[in-house]
Amino acid sequence: MARVLFGTDGIRGVAGENPLDEKTVYATGVALGSWVAASGRQRSVLIGMDTRESGRWIASLIAGGLARHSIHVEFAGVTTTPGIAYLAKTGPFAAGVMISASHNPYRDNGIKVLGHSGFKLPDEVEEQIEAGIFQALAGAPAPISAELTADPNLDHAYSDHLASTVPGGLAGFDIVVDCANGGASFLAPQLFERLGARVHAIGVSPDGRNINLNCGSLHLEALRRTVLERGAQLGVAFDGDADRALFVARSGKMIDGDAVLLMNGRDLHRAGRLSVVVATVMSNLGLEKALAADGIALLRTPVGDKYVLEKMIECGAILGGEQSGHVIFLDYATTGDGILTALRVLDVMRRSGKNLDELTGDLQVLPQLLVNIRVREKKPLEQLAPVQAAIADVENEFAGWGRVNVRFSGTEPLARVMVEGPDMERVKAAAERIASEIRSALGSE
């Protein structure tokens, strides 16, 4: 059954508008409570949120709906998505609910439900809960909010877990942390200082409306400027719910998820613990070649951390991620965790005695271009002979030093053409050649 409310990352929308209007949010709590009650699991659910002004009322309505089925609620208050995943797995909870829209502006919000496993609920369970939401809406119950008081011990337990992953601590490091005025605003600086680092924090003054606003992982300018001004060894930026992290080296060089995968993949390979890394089709060919030089294979998936995680579990990989900085260390977490990623990067730096520039200096990033073509219809690309011929021509021209990925957007009438190659001029020409064939075959609007 096709899902209407649940997307790839829970229920998302503008807070106050369908499907995040009060009635639907409350019905979501009712439906989740019904599933928990019928599942035979612990009759307890954990709720957390980021710093958006809508987070509190959404959390209270979810809790009110859960109360309809006498489900006990623990409230973590402002926290991170990976924090909720960890606590859901290690605590007495049937599920964890995170109220967040990640890197989106403050007007947006979302409801992400994680199982006791710490993983996203299976599609069939989301379908069951979605059916329950529509059933509850048909009954038109009046929304009831529950009073929620945050338990600081929950965040402390998560922080203790993170600290345990770097037994050597962070003494001697001078770092800049940009928390995007989001879920990590309080937790991350305190943790890094606890571990011995000297910390300068920015993006840690949330007011409900400034989450991700000109700060965090989508806006690295302020972080880079601060790192250079202070001569810090490293800068790290999180997004609103801190499930991803991007870095700035002491030199001012930007360090993305591909570079993080390379340095950590090599570190784990040297320890005899890794032979394969999982990434998406968007990861640069330079990463693939750099890993191959060390005897490490790169497996690619469609875009989305969901697909990365599925492939990791399927092939037994312990490291995977995306260029965006969403990196999964399966030894320690069930989802991407920006704070954990920062700790793993700092730990590799500490043990190797090398800085970020040295650890990622041989990563040759090939020029990459993404072109979007608006189309009237989405015919299977493999049936379009001129398009396939253009793709084959480009791949032959670049002869192992280029890559092409063509796909349709899942949400818009767009064909996306991604081309990598030895130099940008040739990349532009190749991308336009393929785009032109798509326009001729499918017709642009």
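The values are calculated or read from the model by the stated rules, or taken from the named source; none is laboratory data. On a predicted model such as this, the values are computed, not experimentally measured, just so you know. A quick note on method: Cβ atoms are made from the backbone with ideal geometry, for glycine too, and the neighbour counts reach across all protein chains shown.
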Check your understanding: Filter the range 219-240 for residues that are farther than 15 Å from residue 250 by Cβ and of a type in the set (Asp, Glu); which is nearest to the chain's Cα centre (by Cα)?
Key -> 239
Practice item. Mind telling me which of the residues 436, 409 ends up being modelled with pLDDT under 90 and not assigned by TED's automatic domain parsing to the domain that holds residue 286? Key: 409
Exercise for review: Kindly check whether there is at least one residue in the range 98-106 that is more than 15 Å from the chain's Cα centre (by Cα) and either aliphatic (A, V, I, L, M) or assigned by TED's automatic domain parsing to the domain that holds residue 328 (or both).
Suggested key: no
Practice item. State all residues of the range 390-406 that are over 15 Å from residue 285 (Cα atoms) and free of Cβ contacts under 8 Å to residues at least 40 places away in the same chain; if no residue qualifies, say none. Key: 392, 396, 397, 406
**Study point:** Where a residue in the range 320-340 is outside the structural domain of residue 81 (by TED's automatic domain parsing) and its partner, wherever it lies, is of a type in the set (Phe, Trp, Tyr) and assigned to a loop (DSSP other than H, G, I, E, B), with Cβ under 9 Å and at least six apart
**Key:** 334/119; 335/119; 340/332
Check your understanding: Got a sec? Which helices (runs of 4 or more DSSP H) wholly within the range 219-304 have at least 3 residues that are basic (Lys, Arg) and surrounded by fewer than 22 Cβ atoms within 10 Å (Cβ to Cβ)?
Key -> 221-230
**Study point:** the range 116-154 - residue that is touching a Gly at 6+ places or on another chain (Cβ under 7 Å) and of a type in the set (A, V, I, L, M, F, W, C) and, of those, modelled with the lowest pLDDT
**Key:** 121
Review point. Scanning the range 371-388 for residues that are touching a residue at least 40 places away in the same chain (Cβ under 8 Å) and of a type outside the set (Val, Ile, Thr), which turns out surrounded by the most Cβ atoms within 10 Å (Cβ to Cβ)?
Key: 384
Review point. Can you tell me which residue in the range 203-218 is nearest to the chain's Cα centre (by Cα), limited to those that are surrounded by 15 or more Cβ atoms within 10 Å (Cβ to Cβ) and polar (S, T, N, Q)?
Key: 217
Study note, to complete from the structure: Flagged pairs (Cβ under 7 angstrom, 6 or more apart or on separate chains; first in the range 24-41, without any contact (Cβ under 8 Å) to a residue 12 or more places away in the chain and crowded, with 24+ Cβ neighbours inside 10 Å; second of a type in the set (Asp, Glu) and in a helix (DSSP H, G or I)) are none
Point to revise | Whichever residue in the range 61-101 is touching a strand residue (DSSP E or B) at 6+ places or on another chain (Cβ under 9 Å), of a type in the set (Val, Ile, Thr) and part of a helix (DSSP H, G or I) and, among such residues, is farthest from residue 206 (Cα to Cα) | key: 62
